[in-house]
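Have a look at the structure below, then the notes.
The values are calculated or read from the model by the stated rules, or taken from the named source; none is laboratory data. No experiment lies behind these values; they were computed from the predicted model shown. FYI the Cβ positions are ideal-geometry reconstructions off the backbone, even for glycines, and counts take in every protein chain you see.
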Amino acid sequence: MESDKVLPLERSFYIGNMFSAIMYGLQIYMTIHSVYLLRAPSHDSGVQRQKLFYASYSILLLLCMSFAFIANALMGQMMWIEHRDFDGGPVAWWLSNGTVWFNVVGSAFDMFGNFLGDALLIYRCAIIWGKRWYVIFLPVLMFLASTALAILSVVESALPGSSFFQTHVINFAVPWISLTCTLNAIVTVLIAGRILYARKQIREVMPEIDADVYTGIVAILIESALPFTLVGIVFAIVLSKEQPVQLFFADLWGSYVGLAPQLIILRVAMGRAWSKNTLTQVSTRIDFIHNKTGTTTVDSTQIGTVRYTESHPSVLKSISESSSHAQKLEQSGAEV
């Protein structure tokens, strides 16, 4: 390798490991916090199953990110400490030993974490769209294709004399990352569009209700995993150009693989994430109307129904369907 690229590569790998350590710490905290919030037992078997699902998902993501983080840390130890006198230097050792077992296992777990994250994002998109399955048809196809390319990338990088950053592996890795970023971009548009549409409806019909917890900027950024998508796009570009900074973005994007879905799970655990009947929950909050004779408590469901009937009949239909579904859930088990 050219000498002018050696030091930039080492710096990129070192700084990337530092950033991934910080993000791994955040991942541990959010996982513990999520499981703590989800641990409370529920008399509703449906809710209990959902809590168990999200808690298990959260722990599985942490395990995947743990293996990936440990693998990167071991590679750093080997190249800078154990084999620093290797002919050609630390980078030469790193390039010659990319197929060492723990590095391959770390890449595989990072790939599996990406699989889990994309699957959760598509599921959340379906939830936010009221389980209109036709909406996620294209994202599901792209998910299957990106998963296949991810597996091929890991297999190619595990072959003797290979590594993830060699040209023949990059030929699979760049399409994989590009496809998963495109998938995330499409789902981002679907989720953000749905949330903004709901925000507009709620504010037009019931301006006195603060629904920012469900429709604010934070909700859009977290529910759509937008930062993960943006970092992935940059990573795909620098990887295709084989720039030294690719190692930094590899670590950063690899950390976001677990962090993005964990943020969604944390919002679910805190009761701030969207569910199938979020609009119903918001619209049925009690409003207190003050008049000259005193204070009267009014059921906002009735107020909302009148307003929807007058100016938003299509929204009324959506709310009515959600209310009907919520009643069924009370009998068979609600969803977190």
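Listing for the model above:
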quantity: Those residues of the range 149-161 which are at pLDDT below 90 and surrounded by 17 or more Cβ atoms within 10 Å (Cβ to Cβ), in sequence order; calculated: Ser153, Val154, Glu156, Ser157, Ala158
quantity: Of the criteria (1) of a type outside the set (Asp, Glu); (2) modelled with pLDDT of 85 or more; (3) part of a loop (DSSP other than H, G, I, E, B), which one Tyr24 fails; calculated: (3)
quantity: Selection count, the range 71-102, where residues are polar (S, T, N, Q) and modelled with pLDDT under 90; calculated: 3
quantity: Answer residue from the range 165-183, given it is within 13 Å of Lys241 (Cα to Cα) and among the β-branched types (Val, Ile, Thr) and is modelled with the highest pLDDT among those; calculated: Val174
quantity: Residue satisfying all of: in the range 224-252; surrounded by fewer than 24 Cβ atoms within 10 Å (Cβ to Cβ) and within 12 Å of the chain's Cα centre (by Cα); modelled with the lowest pLDDT among these; calculated: Leu226
quantity: Neighbours by Cβ (under 7 Å, 6+ apart or cross-chain): first from the range 122-148, closer than 25 Å to Val174 by Cβ and modelled with pLDDT of 90 or more; second polar (S, T, N, Q) and surrounded by 15 or more Cβ atoms within 10 Å (Cβ to Cβ); calculated: Met142/Thr182; Ser146/Thr180
